[in-house]
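In what follows, a single structure is set out as structure tokens and then discussed.
Rule-based calculations on the coordinates, nothing more; no lab input. Keep in mind the model is a prediction, meaning the values are calculated, not measured. For neighbour counting, all protein chains shown are included, and Cβ atoms are generated from backbone atoms with ideal geometry for every residue, glycine included.
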Amino acid sequence: MQRYPFKVMPLPYHYDALEPYIDEETMRLHHDEHYQGYVNKLNEALENHPELHYLTLNDLLSNLSQVPTHIRSKVRNNGGGVLNHELYFTTLAQNTTPHGKLKEMIEKQFGSIDDFKKQMKKEALDRFGSGWAWLGNDNDGNLFIVTTPNQDTTLPMNINPIIPLDLWEHAYYLKYHNRRDEYIDNWFNVINWDQAEANYLNNIADKE
Ligand code: MN
């Protein structure tokens, strides 16, 4: 887990790897401009606060009250932007399928993978404005679909993220314009289920 100064995590695949579902131009803009921007602004906010430099991003965002008030919203927004995008980019890939413990839990709790998709899509469409939809788990390993506004993380809700869905227009507008529903349908094709399974197992292991 990174500490100050934060660095952009390189994309673990080429910019065009998710075509045609998520286009190359969107990925370049999203990763190189938007995500980079959050990293830069987070570092700026923390620059003159060496007392916060030993903290991981998770520590910072889980306990925002320890961050001085005059930089708190900057840390919340840009720190969330960094954490959320790291997870978003690493949970995208072509040609993976649900398997393992996560698949088992999804089927147990939602009925089927398709039922999970339906519910995830509904929550994502109901999130007004910019934000995120998430599949995550509580400390007992139970799954939840939740949404957060802006760049807020799920950490204050005590939900450990497994799969994030970026609902900011910058994630889809170039290709899908205002058709958030079409972007979501296509995003389901590029969920990295191998990473999702790893995230879930990791989340559960952390709590045992
Ligand atoms: Mn984004």
Gyration tensor (alpha-carbon) shape descriptor, region 167-208, a/c threshold 1.5: prolate
- prompt: For the Cα atoms of the chain, what angle does the longest principal axis make with the long axis of helix 113-126, in degrees from 0 to 90, nearest 10?
  reply: 50
- request: Give the residue from LEU83, ALA45, ASN178 lying farthest towards the positive end of the charge dipole for the chain; charges sit on Cβ (+1 for Lys and Arg, -1 for Asp and Glu) and the dipole is referred to the Cα centre.
  value: ALA45
- line: So the angle from the long Cα axis of helix 69-90 to the longest Cα principal axis of the chain, reported in degrees to the nearest 10, equals 40
Fewest-first sequence of PHE116, PHE144, PHE6 by Cβ atoms within 10 Å of each Cβ: PHE144, PHE6, PHE116
task: Determine, from the Cβ-Cβ distance of ALA205 and ASN40 and an R0 of 35 Å, the FRET efficiency 1/(1 + (r/R0)^6), rounded to the nearest 0.05.
output: 0.60
task: Tell me the label-point distance for the pair PHE188, VAL8, using the 7 Å Cα-to-Cβ offset, in nm and rounded to one decimal.
output: 3.2
message: I need to check one value: relative contact order of region 1-147, counting alpha carbon pairs closer than 8 Å and at least 6 residues apart, in percent.
response: 19
statement: For the pair GLU51 and VAL146, the simple spin-label estimate (label points 7 Å beyond Cα toward Cβ) gives in nm 2.9
